[in-house]
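Engineer: Take this structure, written in structure tokens, and hold onto it; I'll ask about it next.
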Amino acid sequence: MKLTKVSVTIAGITLGGMAGALLQLNAASAAIATVSPRIVAATPSPSPTCRPMTLSIAFTNNVTDTRALGLRLPWGRPGDAEGQMIEDYGAYNGTTVREQLPVHDITTGSLVELSGHNAIDIILDSGTPLYAVTSGTAYRITNWTIPGGPQGWASVVVSDVLKDDQGDPIAFLYGHVREFDVPNGQHVVAGELLAKSGGDPDDPGAGFSDTANVHFEIIESPNPLIAHAGTVNPHQFLENLYAHAATGPAGCT
């Protein structure tokens with residue numbers, strides 16, 4: 001009987017020890033749970049507050065908020081100037097033209113056939129990267145010239161987001177390019193590399209240019225890739241775009 005009593009006592013002690021161990025483990029687990037750091041989802045950085053810019057392109061009164069267009073600079077970076085304008089004919093008031101390249105001047109609000117440049121030439125070092133101002137379809141033009149002049153190259157982006165008041169797409173033309181960087185007819189996003197600038201007489205695709213530059217124009221026409229399309233001088237548009245990129249928050253163009 002004594003042996004039995006001792007056995008029970010030992011068993012009781014053993015069981016009590018196990019229970020104590022379990023209690024200690026539970027208490028330790030509770031303590032660990034208490035001190036474990038909470039996992040909190042990272043708060044995303046707020047998007048920059050992008051203010052709209054003034055578009056200053058004829059026949060685009062339907063555009064009420066340019067932020068939805070996702071416009072990007074055609075060359076350079078935010079903070080850069082748009083470049084030195086060396087030829088600024090066919091001014092956006094539609095009164096200054098030169099007798100060389102036939103265009104349809106639509107900057108006055110009506111279609112009037114004139115002979116003029118109706119665009120701007122800007123000094124850029126040959127080989128300067130040129131980017132898509134807008135998303136759209138990029139085209140290679142290898143017979144871009146004036147009557148009787150040498151053949152030149154140009155890159156055209158027909159926008160898929162910017163349309164005129166008649167619903168026709170607005171296009172952007174970069175002239176005197178020396179190199180194409182996207183296939184003909186490829187869709188591009190705003191800011192994508194299109195081509196490299198040229199214009200130096202030794203550059204392929206220089207055409208009638210006699211100095212390194214880019215000819216930049218805006219085309220407002222249902223047929224933007226044909227000759228005599230309605231061109232808009234982009235002087236004020238470029239000034240607005242570069243000023244907006246330089247003064248807006250990072251991430252806004």
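Engineer: Yes or no: segment 171-192 includes at least one residue that is outside any strand (DSSP E or B), touching a helix residue (DSSP H, G or I) at 6+ places or on another chain (Cβ under 9 Å) and in contact (Cβ under 8 Å) with a residue 24 or more places away in the chain.
Structural biologist: The answer is yes, given that some residue of segment 171-192 is outside any strand (DSSP E or B), touching a helix residue (DSSP H, G or I) at 6+ places or on another chain (Cβ under 9 Å) and in contact (Cβ under 8 Å) with a residue 24 or more places away in the chain.
Engineer: Out of Val161, Val156, which single residue is touching a strand residue (DSSP E or B) at 6+ places or on another chain (Cβ under 7 Å) and over 16 Å from Ser209 (Cα atoms)?
Structural biologist: Val156
Engineer: Continuing with this model, one more query. Kindly indicate which of Thr137, Thr211 is surrounded by fewer than 22 Cβ atoms within 10 Å (Cβ to Cβ), modelled with pLDDT of 90 or more, within 30 Å of Asn61 (Cβ to Cβ) and not aliphatic (A, V, I, L, M).
Structural biologist: None of the other options fit; the residue is Thr137.
Engineer: Exactly one of these conditions fails for Ser209: (1) within 24 Å of Arg67 (Cα to Cα); (2) assigned to a loop (DSSP other than H, G, I, E, B). Give me its number.
Structural biologist: Every listed condition holds for Ser209 apart from (1).
Engineer: What pairs come up if the first residue lies in segment 50-70 and is more than 20 Å from Ile219 (Cα to Cα), the second is basic (Lys, Arg), and their beta carbons are under 6 Å apart, counting only those six or more places apart or on different chains?
Structural biologist: Note: pairs meeting the criteria are Cys50/Arg67; Pro52/Arg67.
Engineer: Find the residue count for segment 52-80, including only residues that are hydrophobic (A, V, I, L, M, F, W, C), crowded, with 16+ Cβ neighbours inside 10 Å and outside any loop (DSSP other than H, G, I, E, B).
Structural biologist: 1
Engineer: Further, regarding this structure: Conditions first: (1) under 22 Å from Leu241 (Cα atoms); (2) touching a residue at least 60 places away in the same chain (Cβ under 8 Å); (3) aliphatic (A, V, I, L, M). Ala138 passes all but one, so which condition is the exception?
Structural biologist: Of the numbered conditions (1) under 22 Å from Leu241 (Cα atoms); (2) touching a residue at least 60 places away in the same chain (Cβ under 8 Å); (3) aliphatic (A, V, I, L, M), the odd one out for Ala138 is (2).
Engineer: Separate question: Is segment 153-165 home to any residue that is over 26 Å from Asn61 (Cβ atoms) and part of a loop (DSSP other than H, G, I, E, B)?
Structural biologist: No, there is no match, as no residue in segment 153-165 is over 26 Å from Asn61 (Cβ atoms) and part of a loop (DSSP other than H, G, I, E, B).
Engineer: Among the residues of segment 199-230, write down those that are of a type in the set (Val, Ile, Thr) and under 11 Å from Ile170 (Cβ atoms).
Structural biologist: Scanning segment 199-230 gives Ile218, Ile219.
Engineer: Here's a check for you: in segment 160-194, which residue that is more than 15 Å from the chain's Cα centre (by Cα) and small (Gly, Ala, Ser) is surrounded by the most Cβ atoms within 10 Å (Cβ to Cβ)?
Structural biologist: Gly175
The values are calculated or read from the model by the stated rules, or taken from the named source; none is laboratory data. Fair warning: this is a prediction, and the values are worked out from it, not measured in the lab. Virtual Cβ from ideal backbone geometry, glycine too; neighbours counted across all protein chains shown.
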